[in-house]
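In what follows, a single structure is set out as structure tokens and then discussed.
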């Protein structure tokens with residue numbers, strides 16, 4: 001099937017996904033379809049490229065403080081919002097963070113750090129975002145939003161690869177809910193220039209201390 005053969009509803013959904021207009025559960029379900037439907041994945045990439053081109057001739061302008069505060073108030077109910085998400089909005093359409101940037105966890109759920117030291121997008125070979133993360137230097141935790149739950153009978157394990165060193169496990173990922181993962185100080189010290197990866201492992205994680213299943217996503221650590 002080609003992009004032209006896709007039904008109208010799928011075309012609309014692809015645009016909503018590219019703009020980050022879906023709920024967390026809807027985005028996760030749609031991301032799973034992208035892994036199995038190449039034509040749909042190509043359509044999403046097309047949407048993203050088209051949207052990105054709209055900003056080519058636009059010079060970024062910082063909003064007045066009054067406007068910025070009003071935006072934060074509407075999004076976060078008067079509380080200080082996660083500045084790392086808002087700051088990335090100008091580059092939203094050119095990046096794989098389309099869902100993360102527009103989805104703010106409801107009150108009472110795990111919240112992203114307001115000003116993380118690092119950010120990581122982990123994507124599959126076809127560019128599908130499987131996980132987005134931000135490291136909270138104040139708590140020593142990695143805030144993660146998974147977009148693809150592991151298959152039944154498997155788990156997803158997160159690894160850090162620093163320079164030429166062997167992969168080091170950072171623990172098992174939650175199914176498909178946002179979570180915070182404690183990061184040992186010696187591991188956090190390796191974030192600069194490192195790569196994170198997700199592998200598929202048996203229940204309980206890798207039995208060998210190294211990835212044993214396929215690596216389904218990788219992403220470089222970005223300093224914010």
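The values are calculated or read from the model by the stated rules, or taken from the named source; none is laboratory data. Note that this is a predicted model, so its numbers are computed, not measured. FYI the Cβ positions are ideal-geometry reconstructions off the backbone, even for glycines, and counts take in every protein chain you see.
Observations on the model:
- The requirement of being on the phi < 0 side of the Ramachandran plot, buried (at least 17 other Cβ atoms within 10 Å of the Cβ), at pLDDT below 85 and in contact with a strand residue (DSSP E or B) (Cβ under 9 Å, 6 or more places away or on another chain) is not satisfied by residue 146.
- When 83, 74, 66 are screened for being at pLDDT below 80 and more than 29 Å from residue 44 (Cα to Cα), only 66 passes.
- Output for the stretch 111-127, where each listed residue is touching a helix residue (DSSP H, G or I) at 6+ places or on another chain (Cβ under 6 Å) and either surrounded by 21 or more Cβ atoms within 10 Å (Cβ to Cβ) or assigned to a strand (DSSP E or B) (or both): 116
- Residue check for residue 138: farther than 30 Å from residue 42 by Cβ, in a loop (DSSP other than H, G, I, E, B) and at pLDDT 85 or above: yes
- Residue satisfying all of: in the stretch 197-224; in contact (Cβ under 8 Å) with a residue 60 or more places away in the chain, assigned to a strand (DSSP E or B) and over 13 Å from the mean Cα position of the chain (by Cα); surrounded by the fewest Cβ atoms within 10 Å (Cβ to Cβ) among these: 223
- Within the stretch 31-46, being assigned to a helix (DSSP H, G or I) and either at pLDDT 85 or above or out of contact with any helix residue (DSSP H, G or I) (no Cβ under 9 Å at 6 or more places or on another chain) (or both) holds for 32, 33, 36, 38, 39, 40, 41, 42, 43, 44, 45, 46.
- Members of the stretch 158-173 found to be outside any strand (DSSP E or B) and either in contact (Cβ under 8 Å) with a residue 60 or more places away in the chain or within 15 Å of residue 134 (Cα to Cα) (or both), listed by number: 173
- Residues located in the stretch 147-183, provided they are farther than 13 Å from residue 197 by Cα and touching a helix residue (DSSP H, G or I) at 6+ places or on another chain (Cβ under 9 Å): 147, 148, 149, 176, 177, 178
- Condition broken by residue 193, with the remaining ones in (1) surrounded by 17 or more Cβ atoms within 10 Å (Cβ to Cβ); (2) modelled with pLDDT of 90 or more; (3) closer than 16 Å to residue 121 by Cα satisfied: (1)
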